[in-house]
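Just below is one structure, and these are the notes that go with it.
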Amino acid sequence: MTDTATRADAAVTTPLQDERERLIRVFSDLVQPLGRSLPSSIEVVLHDLEKLPNSIVAVHGDVTGRRVGDPATDLLLQKVAAGDFEHAVGYSTRLPDGRCLRSTTMILRDSTGTPVAALCLNSDVSVWQALGRLASDMGGLALPDPDAAPAAAPEVAAAPEEVFPRDVDELASHLIHQAIVEQNVPVDLMRKEHKIAVVRTLKDRGMFMLRDAVEMIATSLGVTRFTIYNYLNELEDEQTPAPTEAAPKRKRASR
């Protein structure tokens, strides 16, 4: 086959690939006008799931400070790794600086139902919470009764802390650190079962979608990368159902 023919074959795309690229273009073009029509406290982000982990292809707003080419969050990576492609609407999360967000992730699919992209809205609700507290304080100007018992503070459920990394190294460091911390055992005291548990957690959370993941995990656990491959093989064996043993055939009695 000639070089010209090879290049021609490489340039051929399938109808589904064309559809996928068209969907990405259409929604990328919608991010800016959609963002400008919303309050400035709302960030609009489009992820191309085929480009994970560096999946951001369009962004409007500065709630999390991310730009085109930055990676997915730890939660989105985990959803993809688990094959969880359901919409997530209005869930709460918290940034490391303490700001509260209300987020929505919508999964965009092609005509076959295959997930193509994730359109995410991240709303910084901290300012509205502050205004609400101020309005509440201004509305209760009556002097408090000194003999009244203090009101119990309402219980507030802790929102999960979603990581919005600026690069893959930051994302990888977070994933590895969290997996190790959850074992509650220092690395130098970990036994094999602890280290396999770390690898299992990282596998479930999509760590192995990242480039050089095996080398980074091996360095953090103080083992060789071949050991990590062995752990992965063991985890694969755990998930493989044992073959059912056929019942022995009963011999027919001779007549």
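The values are calculated or read from the model by the stated rules, or taken from the named source; none is laboratory data. Worth saying up front: this structure is predicted, and the values here are computed from it rather than measured. For neighbour counting, all protein chains shown are included, and Cβ atoms are generated from backbone atoms with ideal geometry for every residue, glycine included. In case anyone asks, the SASA skips ligands and DNA or RNA and just uses the protein heavy atoms, side chains included. Shrake-Rupley method; radii C 1.70, N 1.55, O 1.52, S 1.80 Å.
So the values come out like this:
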| read-out | value |
| --- | --- |
| Flag for Ala58 being modelled with pLDDT of 95 or more, within 19 Å of Met209 (Cα to Cα) and not β-branched (Val, Ile, Thr) | no |
| Unmet requirement for Leu143, which otherwise passes all of (1) open to solvent by 20 Å² or more (accessible area, probe 1.4 Å); (2) of a type in the set (A, V, I, L, M, F, W, C); (3) modelled with pLDDT of 60 or more | (3) |
| Filter result for Phe208 (open to solvent by 100 Å² or more (accessible area, probe 1.4 Å) and either modelled with pLDDT of 95 or more or not in a loop (DSSP other than H, G, I, E, B) (or both)) | no |
| Single residue of the range 23-79 satisfying the filter (in contact with a helix residue (DSSP H, G or I) (Cβ under 9 Å, 6 or more places away or on another chain) and among the polar types (S, T, N, Q)) that is farthest from Glu170 (Cα to Cα) | Ser41 |
| Flag for Leu171 being outside any loop (DSSP other than H, G, I, E, B), touching a Pro at 6+ places or on another chain (Cβ under 6 Å) and either at pLDDT 95 or above or under 30 Å from Leu101 (Cα atoms) (or both) | yes |
| Ala247, sole failed condition from (1) at pLDDT below 95; (2) within 21 Å of Lys79 (Cβ to Cβ) | (2) |
| Strands (runs of 3 or more DSSP E) lying entirely in the range 17-133 (those with 1 or more residues that are among the small types (Gly, Ala, Ser) and loosely packed, with under 15 Cβ neighbours inside 10 Å) | 88-94 |
| Test for Thr73: is it within 13 Å of the chain's Cα centre (by Cα) and β-branched (Val, Ile, Thr) | yes |
| Long-range neighbours under 7 Å by Cβ, at least six apart or interchain, first residue over 21 Å from Ser92 (Cβ atoms) within the range 162-180, second open to solvent by less than 40 Å² (accessible area, probe 1.4 Å) and hydroxyl-bearing (Ser, Thr, Tyr) | Ala179/Thr201 |
